[in-house]
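Quick notes on the structure that follows.
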Amino acid sequence: MESPGLHLSHAHYETVIAHCFDGFPDEACGLLSGPLGTGDVTAAHPCQNADASARTYTVDSRDYLRAMRDAESRGEEIIGVWHSHTHTDAYPSPTDVRQAVDPAWWYVIVSLKHGEPVLRAFQIRGETIAEVPVEVG
């Protein structure tokens, strides 16, 4: 089954990109919420990287809880996570694949490797990585 693309408003896109630059030189991360299965992002939740690392990320548990409660208050769910790659391309690393625990989520990676941000989205099911289109508008 082919999955729908990910739909970000300009404001959500800007939130994600700005948070990635704010976190530099460490990886930045955040959560996306919306109706499950649609790819329609209704909120972008910047989160603290509990790892405080340029190579790995872990969404801070308090930030996760806040984002989950906000989504639930709107009858929605967490539908994805984003993080930045500060020195590599916007493609899931082996660590990213191991950490991808929810096959229904969108995994968004923003590469800052060349200064100009490159945002790509993926669905990861087991060891299978499938890029999905991203629409900003």
Checklist entry - Say we look at segment 22-38 and pick out the residues that are in contact (Cβ under 8 Å) with a residue 40 or more places away in the chain and of a type in the set (D, E); which of these is nearest to Y57 (Cα to Cα)? => result E27
Checklist entry - Given the conditions (1) surrounded by 14 or more Cβ atoms within 10 Å (Cβ to Cβ); (2) within 14 Å of the chain's Cα centre (by Cα); (3) in contact (Cβ under 8 Å) with a residue 40 or more places away in the chain, and given that V97 satisfies all but one, which numbered condition is not satisfied? => result (3)
Item to check | strands (runs of 3 or more DSSP E) fully within segment 1-60 counting 2 or more residues that are within 22 Å of V132 (Cβ to Cβ) and either within 11 Å of the chain's Cα centre (by Cα) or among the basic types (K, R) (or both) | outcome: 29-34, 43-47
Checklist entry - Taking segment 64-121 as the region of interest, how many residues are acidic (D, E) and assigned to a strand (DSSP E or B)? => result 1
Checklist entry - Restricting the search to segment 6-38, which residues are surrounded by 16 or more Cβ atoms within 10 Å (Cβ to Cβ), touching a strand residue (DSSP E or B) at 6+ places or on another chain (Cβ under 6 Å) and more than 16 Å from D51 (Cβ to Cβ)? => result L6, H7, L8, H12, Y13, T15, V16, L32, S33, G34
Checklist entry - Which residues, taken from segment 78-94, are touching a Leu at 6+ places or on another chain (Cβ under 9 Å) and surrounded by fewer than 16 Cβ atoms within 10 Å (Cβ to Cβ)? => result H87
Next on the checklist: Please go through (1) part of a strand (DSSP E or B); (2) at positive phi for I129 and return the number of the only condition it doesn't satisfy.
Outcome noted: (2)
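Just so you know, all these numbers are worked out from the coordinates, no wet-lab data involved. Here the structure is a predicted model, which is why all the values come from computation and not from measurement. In this analysis, Cβ positions are derived from the backbone assuming ideal geometry, glycine residues included, and neighbour counts consider all displayed protein chains.
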